[in-house]
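Visitor: I'd like to ask some things about the structure below.
The values are calculated or read from the model by the stated rules, or taken from the named source; none is laboratory data. As the structure is a computational prediction, the values presented were derived from the model and not from experiment. Note that each Cβ is placed from the backbone with ideal geometry, even for glycine, and that neighbours are counted across all protein chains shown.
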Amino acid sequence: MVTSIQDSTTLRNGVRMPWLGLGVWKTQDGEEVEHAVRAAIEAGYRSIDTAAIYGNEAGVGRGIKVSGVNREDLFITTKVWNDDQGYESTLQAFETSRQKLGVEYLDLYLVHWPGTSKYIETYRALEKLYKDGLVKAIGVSNFLVHHLEELIANCEIKPMVNQVEYHPLLNQQELYNYCKQEGIQLEAWSPLMQGNLDLPLLTELATKYQKSPAQIVLRWDIQQGVVTIPKSIRAERIQENGNIFDFELSNDDMKRLNTLNEDKRFGPHPDKFVF
Ligand code: NDP
């Protein structure tokens, strides 16, 4: 049972990745993101998820520097954006992200979206960065089973993580099972359905466990072995989202939450987001 905010999963290469991290999409660069990162680290978070396209890597970097926590105790993820796909351009994009973040190495670097034609050469650049020791783990985001099959057939180092939209209304059972079978750690983006938490079962379980609907969903992720990265810019919600390690959902309640699936996406479908 996962009982601490700093508990982690072990990726295929032995690297430890915290079950909970802070997401910073739509968090503004500067004060706002620095404040969110500092609040998260003070609340015990050790993992931050950003991306080049979020435009806030510099603020994330400042937030982690002033936190006073050692770099090696933090887990920092960023992602190569679609326009930078390709071998050389990905190497350059990585260097730009690394400098903005002000770090020697990244913990996890992801291909942000598959697109159609370039993700294999993009991923080869990630393999190089991994072999050069500039990133501790590599992976992908928004990859469906068919993307993963094609990538695995053509890569040297299997992706360690797949970060996808994942929440009670989109529980991606086929992808979940495939990633489990292949030893790819699944990570949930928009775990809080972008704040759309007003579902009767969540309200019922929140009352039952004396927790909030957000806490019920985040605990459901972790109990299924899914890493989760809720976003908030408010210190009290950041704390609330981190306060999920002192209770356990029953098997029956886990099953009930699994019945909410409607294949509903708040973000784009990976096969339709082509570039
Ligand atoms: P989330 O599902 O995490 O929801 C964030 C929203 O919920 C915000 O509006 C926030 O508001 C609100 N919220 C946060 N905590 C609570 C709470 N306890 N109760 C009620 N409302 C709450 O959405 P995101 O889309 O941001 O996803 C999380 C992270 O996943 C992103 O920040 C990003 O790091 C990553 N991501 C990755 C993608 C990819 O393609 N790889 C795509 C999308 C996201 P407020 O901030 O005002 O508290």
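Visitor: Which of the residues belonging to region 103-122 are charged (D, E, K, R) and closer than 15 Å to V15 by Cβ?
Guide: The answer is D107, and nothing else.
Visitor: State whether the residues of region 226-240 include one that is surrounded by 14 or more Cβ atoms within 10 Å (Cβ to Cβ), closer than 21 Å to D7 by Cβ and of a type in the set (G, A, S).
Guide: Within region 226-240 (the criterion being surrounded by 14 or more Cβ atoms within 10 Å (Cβ to Cβ), closer than 21 Å to D7 by Cβ and of a type in the set (G, A, S)), the answer is yes, since at least one residue qualifies.
Visitor: Turning to a different aspect of this structure: Suppose we filter region 184-202 for residues that are more than 10 Å from the ligand (Cβ to nearest atom) and within 15 Å of Q163 (Cβ to Cβ); how many remain?
Guide: Qualifying residue count, region 184-202: 3.
Visitor: Which condition number in (1) free of Cβ contacts under 8 Å to residues at least 40 places away in the same chain; (2) of a type in the set (D, E); (3) within 11 Å of the ligand (Cβ to nearest atom) is the one that D252 fails?
Guide: The failed condition is (3).
Visitor: Can you tell me which residue within region 166-214, out of those that are over 23 Å from G242 (Cα atoms) and aliphatic (A, V, I, L, M), is surrounded by the fewest Cβ atoms within 10 Å (Cβ to Cβ)?
Guide: Going through the qualifying residues, I end up with L175.
Visitor: I'm told K272 meets every condition in (1) farther than 25 Å from R12 by Cα; (2) away from the ligand (no atom under 16 Å from the Cβ); (3) free of Cβ contacts under 8 Å to residues at least 12 places away in the same chain except one. Can you identify the failing condition by its number?
Guide: (2)
Visitor: Are there any strands (runs of 3 or more DSSP E) wholly within region 1-110 with 2 or more residues that are buried (at least 20 other Cβ atoms within 10 Å of the Cβ), more than 13 Å from the ligand (Cβ to nearest atom) and modelled with pLDDT of 95 or more, and if so which? Talk me through it step by step, then tell me what you get.
Guide: Numbers: elements: 8-10, 16-18, 47-49, 75-80.
Here the list reads 16-18.
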